[in-house]
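Below: one structure, written as structure tokens.
The values are calculated or read from the model by the stated rules, or taken from the named source; none is laboratory data. Not measured: the values here are computed from a predicted model. Don't worry about glycine lacking a Cβ; one is built from the backbone with ideal geometry, like all the others, and counts go over all protein chains shown.
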Amino acid sequence: MRVGHFDAALQRPSVVSFGVFDGLHRGHQALLSEVVRLAHDNAAHASVVTFDPHPALVLSPSTAPRLIGTMDQRLEGMDRLGVEQVLVMDFDQQSAAESATSFVERVLVRQLGVCDLVVGDDVHFGRDREGDVALLVRLGERHSFRVHSSPTYGGLSRFSSSSVRARLAAGDVAAAAAILGRAFVLRGLVVHGDARGREIGFATANLQTHERQQLPALGIYAAAVHLEDGRWRCGAVSVGTRPQFYEDGGVLVEVHLPDFEGDLYGQRLDVAFLERLRGEKTFATLDELVEQMGHDVARSQQIFENFDSTVSVLLG
């Protein structure tokens, strides 16, 4: 898959869709599958225009949503869905001020040579969100491209990125997976911690995630963890403040890999959250904590036995 910016020289024509596509949930997948199908039928390129950073960070930073996935995850997911080329638009105040008509003519028509455009029926874009399906149809008649829109392509509220965030914030990773069409995957870099886990017999990899990453609710989770060597391993994951040791600790993501020996520092891990085991709590004694962690690991291993990466994840 080809990835670039708008100054790249691209072949034409293209079947195009545009949007943020955060999380690549089932609505996004249906939309992009239609792009790929139409491109195949019309001997065209399956193309996507996406934006970085999230437009809300420019338009309303104080209320901008947390991210479900990184840009790398979005691009990898699009590649797996069959998208051939992606243009990443640097979204800034100038972009926000561009009219919907200008965006369509400058990018979709002149840059990509759009022959078919696939959008959700609730699409809004351009300055003051003035662009909608009706405008796209008029522009399509003017510039000879067809517009395909349907509520199947993400118009259904149950297939919204905001719904995924809400389920994750509540700790309901199963409900989030139902919207995503796969397990939620958290990507991060393993960094040095204070070795508390190692001291009590449960060494953990401390995960540094994107600063705007949406995390699941505080608690303990069973997970499948993808290592840089290509293997998937069982993981027991804590998303929490470690109240057993600190009164005002920040939120950390700590990944324990049962029976793993080796150095993970500096590695990128993809953590697929499979099931929430329990909430975060403080135990009366350290021995009680260690006993509970043993139960958590055993339960995570049972859940991992049913994990199938070919159907459970799209990213990573």
Practice task
Residue by residue through segment 88-136, note down the ones that are at positive phi and free of Cβ contacts under 8 Å to residues at least 12 places away in the same chain.
Solution key: D128, R129
Practice task
Kindly establish whether H192 is modelled with pLDDT of 95 or more and surrounded by fewer than 20 Cβ atoms within 10 Å (Cβ to Cβ).
Solution key: no
Fill in the blank from the handout: Those residues of segment 281-303 which are farther than 20 Å from G235 by Cβ and touching a residue at least 60 places away in the same chain (Cβ under 8 Å) amount to L286
Practice task
Could you check, for segment 202-218, whether at least one of its residues is within 18 Å of L286 (Cα to Cα), surrounded by fewer than 17 Cβ atoms within 10 Å (Cβ to Cβ), of a type outside the set (K, R) and modelled with pLDDT under 85?
Solution key: no
Practice task
Kindly check whether there is at least one residue in segment 75-95 that is of a type in the set (K, R) and either under 30 Å from V237 (Cα atoms) or in contact with a Gly (Cβ under 6 Å, 6 or more places away or on another chain) (or both).
Solution key: yes
Problem - Residue selected from segment 66-110 under the condition in contact with a helix residue (DSSP H, G or I) (Cβ under 9 Å, 6 or more places away or on another chain) and of a type in the set (S, T, N, Q), by the criterion farthest from A44 (Cα to Cα) - result: Q93
Handout entry: V133 vs. criteria touching a Ser or Thr at 6+ places or on another chain (Cβ under 7 Å) and under 18 Å from H25 (Cβ atoms)
Key = no
Practice task
Taking the residues in segment 133-159 that are in contact with a helix residue (DSSP H, G or I) (Cβ under 7 Å, 6 or more places away or on another chain) and either modelled with pLDDT under 95 or not assigned by TED's automatic domain parsing to the domain that holds V83 (or both) as candidates, determine which candidate is farthest from R66 (Cα to Cα).
Solution key: S149
Practice task
Working only within segment 40-66, note down all residues that are β-branched (V, I, T) and crowded, with 16+ Cβ neighbours inside 10 Å.
Solution key: V48, V49, T50, V58
Exercise for the section: Looking only at segment 31-67, count how many residues are aliphatic (A, V, I, L, M) and more than 25 Å from V109 (Cβ to Cβ). Expected result: 4
